[in-house]
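The values are calculated or read from the model by the stated rules, or taken from the named source; none is laboratory data. Model, not experiment: these values are computed from the prediction. Neighbour counts are summed over all protein chains in view; Cβ atoms, including those assigned to glycine, are modelled from backbone coordinates with ideal geometry.
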Amino acid sequence: MADKLTPVVLTCSSSLGRAKQEKIVRFLKEGGRVLIAPVLPVVDENVQPCTLLADFLGNPIIERNTNAFPRITILDVENIFDSGENYFTSTLPPNAQVIGKDERTGRILAWELAFGG
């Protein structure tokens, strides 16, 4: 993770070990970029509460989209097909920028958050 210019893709469930969450937070603080999907972890590897990463990102509120086959727009790419699950963010962290929405509902599906460095 020495390369801070190449984004790291973190395929994440609601469980992620404390040490790994600490490592991602440290990477972000050092100027690294991370794409986290589909959700943020809320428990550690022992299923104990652990929200280090979510806390660092401003505690966004994320909920499952129950609509089948949403029409998604990310940046200037429209009508992206998604046959899997996706998640709305109902409360964005401060300073987050919306980059993706469900075209039918207008609800937020993707956002980015920049840090110093």
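Points to keep in mind about this one:
- Residue, nearest to Ile108 (Cα to Cα), within the stretch 16-75, restricted to residues that are of a type in the set (Asp, Glu) and free of Cβ contacts under 8 Å to residues at least 60 places away in the same chain: Glu63
- A single member of Leu16, Leu35 is aliphatic (A, V, I, L, M), under 20 Å from Leu113 (Cα atoms) and not assigned by TED's automatic domain parsing to the domain that holds Glu103, and it is Leu35.
- Within the stretch 82-117, the set of residues being part of a loop (DSSP other than H, G, I, E, B) and surrounded by 13 or more Cβ atoms within 10 Å (Cβ to Cβ) comprises Asp82, Asn86, Leu92, Pro93, Ala96, Glu103, Thr105, Arg107, Leu113, Phe115.
- Of the candidates Val42, Val34, the single residue that is surrounded by 11 or more Cβ atoms within 10 Å (Cβ to Cβ), closer than 19 Å to Val9 by Cα and out of contact with any Cys (no Cβ under 8 Å at 6 or more places or on another chain) is Val34.
- Candidate set: the stretch 31-52, residues that are in a strand (DSSP E or B), modelled with pLDDT of 90 or more and closer than 23 Å to Asn86 by Cβ; chosen: the one farthest from the chain's Cα centre (by Cα): Val43
- Residue within the stretch 4-11 that is farther than 28 Å from Asn65 by Cβ, charged (D, E, K, R) and surrounded by 14 or more Cβ atoms within 10 Å (Cβ to Cβ) present: yes
- Answer residue from the stretch 65-81, given it is part of a strand (DSSP E or B) and surrounded by 11 or more Cβ atoms within 10 Å (Cβ to Cβ) and is modelled with the lowest pLDDT among those: Ile80
- Residues (of a type in the set (Gly, Ala, Ser), at pLDDT 90 or above and more than 27 Å from Asp82 (Cβ to Cβ)) located in the stretch 1-30: Gly17, Ala19
- Of all residue pairs spaced 6 or more apart or on separate chains, those with beta-carbon atoms under 8 Å, a first member in the stretch 95-116 that is touching a residue at least 40 places away in the same chain (Cβ under 8 Å) and a second member that is of a type in the set (Val, Ile, Thr) are Leu109/Ile72; Leu109/Ile74; Leu109/Thr89; Trp111/Thr89; Trp111/Val98; Trp111/Ile99.
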